Amino acid sequence: MDTNTGTNTSDASFASAVPTAMTGAFLPGDGTVELRETPLPRPGPGQVLLRVRASGICGSDIHYIYNGHVGEGGAAYRGVVAGHEPAGEVVHTGPGCERLRAGDRVAVYHISGCGQCDECSRGYFIGCTSESRAAYGWQRDGGHAPYLIADERTCVLLPEPLTFVDGAFIACGIGTVYEALTRIAVNGADRLLVTGLGPVGAAAALVARALGVRTVYGAEVVPERMEWARGLDLFDAVLDSRDRPLEEIDRLTAGTGVEAAVDCSGHPAARTTALKALRVRGRLALVGEGGQMTLDVSDDVLHKQVLISGSWVTSVHGMTQLAELLARQNLHPDRLVAERFPQSQAGRAYEAAAGRAAGKVCLVFD
C-alpha cells in the first residue's frame, strides 16, 4: 500500500526504500561512544519509521549514561541506540496509523507510555508508571541513528519555518521550561529571573520572550556561560551568582524583587537565590533536577505568599502548542546550539557536550 494513505507499506516497497541495518551510536558508560551496526525493524501497529535529521544531546545523557550508567530497573539504560531528542521525516507508516503521512516533518516526545493511564491520557507520558513505559535512547532505540521507529502518538508535527534542529530541542529542553513558565503564568507584566544559564536556562529566556515577558535577568556562576548568555541578546542583565546577586536584583528592581523566577540549575544556592529574589506574591518554578533546597517556610514562603511549582517535562499537547508558538513568532531554538556534528563524529560531539561550559550540542544527518 502507498504510505500516503497512512497504512502500512508492502514488503517489497519497504525493502527497496530503506536498508535492513544501519549504524547506531551506543553509550557503554565509560565516557566513550560506540558506533556499531544495528538492525532496522519495520514499524509495527501505531508506529512510524522516521528518517532522522537531527538528534540533540541532553545533559541527562551525559550525567546518567555517557559518564556511567545510573538507575535501576525500568529507569536504567538498556544498551539501546542513544538519543532522546530526535526530529525527522516520516518515511513509512505502520498498520493503524491515521494522523501522519510519508513526508511529514515531526519532532518526537522523548517517552512513550502505555497510552491508557491517567497521565498518558493527559499526554504526560513522562508520568506513566506502566512497565511498558520506555524512553527513546534509554529503554528503546533513540535518535542517534539514521532511522528511528517511533510511536505515532509521540510525534508532533513540525510547522514551518522551524528546522529539524529546532525540533530536536523542543521536547525535552524547551518543552521543559515552557511547561514550567506556563504553570507560573508568566506574562508581559512580569520581570523574570533565570538561575542556571546552560541550554535550558537560555531556552527559558527564549520562551519567556515568546510569552510576552519584557524583562529577563539571568544568574550564573560559570564565566564562560555568563559570556555566552550575554551574547544571545535574550537577557537584560546577566548576574554573577558569586557576587551578591540578590543585591543586584534589589537594585535592578528598585527594591521590590522580581515577579517570577525559574531555576534551571538544580543547585541549592541557585534555588535559594531564585526564591529570595521574589517579591511579595511572586512565583517560582523549579526545573533543575537533583539536590536539595533549604528555605525558611515563614519568611520565604508564607509571609511573602509565594507560589512554588515543580515541573517535570511538558506533555505532547504542550509540545504541540510550543511548536506552534515558536513558528508563529519565527523563533528558532537552533540559535542555542553551539556545535553540530555528523553521526560519524558522535564521539567528538559527546566530548564537547560533556566538556563545554555553554551551548547545546546536536548530531545532524543528511
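Throughout, read-outs are computed from the coordinates displayed, never taken from laboratory work. Because the structure is predicted, anything quoted here is derived from the model rather than measured. Glycine gets a Cβ as well: all are built from the backbone with ideal geometry, and neighbour counts include every protein chain shown.
Structure notes:
- Phi angles of the stretch 236-245 translate, via the Karplus equation with coefficients 6.51, -1.76, 1.60 and θ = phi - 60°, into HN-Hα couplings of 6, 7, 10, 9, 7, 5, 7, 10, 6, x Hz per residue; Gly and Pro are given as x.
- Among beta bridges identified by DSSP and lying wholly in the chain, the antiparallel ones come to about 55 percent.
- Measuring between their Cα centroids, the stretch 292-344 and the stretch 20-94 lie 24 Å from each other.
- Eigen-decomposition of the gyration tensor built on the alpha-carbon atoms of the chain gives equivalent ellipsoid semi-axes of 37, 21, 19 angstrom, largest listed first.
- The order of the peptides 327-339, 288-300 by mean Cβ neighbours within 10 Å, most packed first, is 327-339, 288-300.
- Highest to lowest packing among 244-251, 134-141, scored as the average C-beta count within 10 Å: 134-141, 244-251
- Stokes-Einstein diffusion coefficient of the stretch 176-310, Kirkwood radius over Cα pairs, 4 °C, 1.567 mPa s, in µm²/s: 91
- Helices in the chain, meaning DSSP H runs of at least 4 residues, each add -39500 (n - 2.57). Divided by all residues, the mean residue ellipticity at 222 nm is -6500 deg cm²/dmol.
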